[in-house]
Amino acid sequence: MQEINSPTEKEKSQVNKVISINVSGTKFETTLSILRKFPTTLLGSADLEEFLDKSSGDYFFDRHRQSFEAIMYFYQTGGLMHVPCHVDPEIFRQELIFFKIDSLILKALPKPTEKKAMELPSNIHLQVLWKLLEYPQSSMAAKLLAVVEIVVIVLAVAAFCIETLPQFHESIRMGWEHNSTAAVFFSIEASCMVVFTLEFILRIISCPDKLQFCKGVLNIIDL
């Protein structure tokens, strides 16, 4: 009887053995019993042995580490999949395909979005101007300009809010010609207004479709 039962006990011990999975330098520990709940997947099948590093005893995968955290969570929870918000959906999709995760999960993932082509005017000089104003990701100069615009907006809103405080009412009533505090507020507001007006004019001049630009709700509000 011992001879008959001993292989079974040995097999149980093998299944419950803790194994280490090295994914691009980050180690994850689990048991074979957890992985074999999903025998059709790479980690749950005999194919896993192909990735065994005999020198270290770890199973090594040169794959995307952040994606593997979600894949390991899938095994540990018995089939729950949490898609990492900081991982590109297409990268995560490729990792699921590699590890042979259930195709139903792949269907549930958002499909990769196609990048929308830039709408540009025909004139080369206007193209440069429109990219600067409309596409911050197009160049470093465009990013810096976008930051400047945000700073100006914050400054304008802050000045508008601060001048409504009771301690500034008298200064504002006296006017910028007779009070230095009122002059500061006036200078800030006037400067911001110049920036907003200039930006709006440049957008109208450089936009590829002026009719659509004028129909835009945000552009109407700016005007």
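The values are calculated or read from the model by the stated rules, or taken from the named source; none is laboratory data. Computed from a predicted structure; not experimentally measured. So basically every Cβ, Gly included, is an ideal-geometry build from the backbone, and we count neighbours across all protein chains shown. What goes into the accessible areas is simple: the full protein's heavy atoms, side chains included, and nothing from ligands, DNA or RNA. Shrake-Rupley method; radii C 1.70, N 1.55, O 1.52, S 1.80 Å.
Summary table below
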quantity: Meets criteria (within 28 Å of the chain's Cα centre (by Cα) and open to solvent by 10 Å² or more (accessible area, probe 1.4 Å)) for Asn16; calculated: no
quantity: Residues located in segment 38-74, provided they are in a loop (DSSP other than H, G, I, E, B) and exposed (fewer than 13 other Cβ atoms within 10 Å of the Cβ); calculated: Pro39, Thr40, Lys54, Ser55, Ser56, Gly57, Asp62
quantity: Whichever residue in segment 159-177 is charged (D, E, K, R) and more than 30 Å from Val147 (Cβ to Cβ) and, among such residues, is surrounded by the fewest Cβ atoms within 10 Å (Cβ to Cβ); calculated: Glu177
quantity: Contacts under 7 angstrom Cβ, first residue in segment 33-55 being closer than 14 Å to Asn22 by Cβ, partner open to solvent by 40 Å² or more (accessible area, probe 1.4 Å), 6 or more apart; calculated: Phe51/Phe60; Asp53/Phe60
quantity: Subset tally (residues that are over 25 Å from His125 (Cα atoms), open to solvent by less than 80 Å² (accessible area, probe 1.4 Å) and assigned to a helix (DSSP H, G or I)) for segment 178-223; calculated: 10
quantity: Hits in segment 21-37 (condition: part of a strand (DSSP E or B) and within 30 Å of the chain's Cα centre (by Cα)); calculated: Ile21, Asn22, Val23, Thr26, Lys27, Phe28, Glu29, Thr30
quantity: Residue within segment 104-127 that is surrounded by 15 or more Cβ atoms within 10 Å (Cβ to Cβ), under 30 Å from Cys207 (Cβ atoms) and at pLDDT 85 or above present; calculated: yes
